[in-house]
Amino acid sequence: MSRLEENLRDVRARIDAAARAAGRDPAEVGLLAVSKTWPADDVRELAAAGQRDFGENRVQELLAKAGALAGRPECADLRWHFVGQLQRNKAAAVARTGAVVHSVDRESLAATLARAAQELGRPVEVYVQVDLGGPEGEAAARGGASPDEVPALCDAVADAGGLALQGLMAVAPRGGDPAAAFARLAALAERVRTDHPEAAGLSAGMSGDLEAAVAAGATLVRVGTALFGARPLPCGEFEEHQPRESQQSHGTQKS
Ligand SMILES: *Cc1c(COP(=O)(O)O)cnc(C)c1O
């Protein structure tokens, strides 16, 4: 068994154990392999081992990897997901890949994606991203609508025509208790589902906090490091904008 296959087995075992501990059916919790910074060949290897969902946070990297793997038989039914901040001028390119977009955080982006979906003649699946707070600057770098804006944004997505609302997505704030943050997310998701029963998905949990997310009801955990290894520095993602220490000493907790 290769290192990637072992990691896949171990991560799947963590998800299954967390689901059982929470009294949930492990089959309710999907695994999204976040392959950002890792070569297409690693994606191909995990795909050959049975992994189907892959996520990227940069548009160029998504297009390059999806393109490189398009002709491979073991990658024929892969599902791509976009988990990074999305600019409107790149929304149509992401929609064309068929990727699920996890980072809809404003109505203008929803409208642009809806137009792209209409032009393509097929729906784009989207999650509304929630900002769960955290050190100042971190949320801005990561994106996400503030919780009080989320119900109206979900209404806008559902009404846009062309978008299929899957549910909510969030990243737990660094340094806080992920269980408390995911509990707030779960309560918000429940509220959204009263108006949008189709929005049954909850995209939450990463390598370090997937157990807490599964306990709170996550239906899709997004895992990079525990599958592929530690990402090389620098890679421009929000975690690496500043050293951890300076974020903690200067950051103020948003509520
Ligand atoms: C990178 C990333 C992940 C995966 O994080 P790991 O800690 O490497 O598992 C999940 N979600 C988003 C939005 C990411 O950018």
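How many percent of the accessible area of the chain is carbon or sulfur, using a 1.4 Å probe?
Summing carbon and sulfur atoms, their accessible area is 50 percent of the total for the chain.
Can you compute 3J(HN,Hα) from phi for each residue in region 51-60, using the Karplus curve 6.51 cos²θ - 1.76 cosθ + 1.60 with θ = phi - 60°, rounded to whole Hz and x for Gly and Pro?
6, 10, 9, 10, x, 10, 10, 10, 4, 4
Placing +1 at every Lys and Arg Cβ and -1 at every Asp and Glu Cβ, with all other atoms neutral, what dipole size does region 1-80 have around its Cα centre, in debye to the nearest 20?
140
Residues of region 1-138: accessible area per residue at 1.4 Å, in Å²?
44
For the chain, what is the mean residue ellipticity at 222 nm derived from helices alone (per DSSP H run of n ≥ 4: -39500 (n - 2.57); sum divided by total residues; nearest 500 deg cm²/dmol)?
Mean residue ellipticity, 222 nm, calculated: -12500 deg cm²/dmol.
Net charge around Cys154, counting only other residues with Cβ within less than 10 Å of its Cβ (Lys, Arg = +1; Asp, Glu = -1)?
Spelling it out: positives minus negatives among the neighbours equals -2.
Show me, for region 203-210, the HN-Hα J-couplings you get by feeding each phi into the Karplus relation (A = 6.51, B = -1.76, C = 1.60, θ = phi - 60°), rounded to Hz, glycine and proline as x.
8, 7, x, 10, 3, x, 9, 5
Under unit Cβ charges (Lys, Arg +1; Asp, Glu -1), what dipole magnitude, rounded to 20 debye, does region 3-227 have relative to its Cα centre?
My answer is approximately 460 debye.
Can you list the residues, at least 5 places off or on another chain, whose amide H is less than 5 Å from the amide H of Glu125, using H built in the peptide plane?
Distant-sequence amide H within range of Glu125: Val101, Ala164.
Per residue of region 174-190, what does 6.51 cos²θ - 1.76 cosθ + 1.60 with θ = phi - 60° give for ³J(HN,Hα)? Whole Hz please, x for Gly and Pro, Karplus curve as stated.
These are the phi-based 3J(HN,Hα) values: 5, x, x, 8, x, 4, 5, 5, 5, 5, 5, 4, 5, 5, 5, 4, 5 Hz.
Among Ser35, Ala204, Gly176, which residue has its Cα furthest toward the positive end of the charge dipole of the chain, with +1 on Lys/Arg Cβ and -1 on Asp/Glu Cβ?
Result: Ser35.
Going by amide H atoms built from the backbone, whose H comes under 5 Å of the H on Gly30, apart from near neighbours?
Leu220, Val221
Under a Cβ-Cβ cut-off of 13 Å, what is the net charge of the residues other than Leu227 that fall near it, where Lys and Arg count +1 and Asp and Glu count -1?
That works out to +1.
Rounded, prolate or oblate, given the Cα gyration tensor of region 3-227, with a/c below 1.5 counting as rounded?
oblate
The values are calculated or read from the model by the stated rules, or taken from the named source; none is laboratory data. These numbers were taken from a predicted model, which means no experiment stands behind them. Neighbour counts are summed over all protein chains in view; Cβ atoms, including those assigned to glycine, are modelled from backbone coordinates with ideal geometry. Heavy atoms of the whole protein, side chains included, go into the accessibility calculation; ligands, DNA and RNA do not. Shrake-Rupley method; radii C 1.70, N 1.55, O 1.52, S 1.80 Å.
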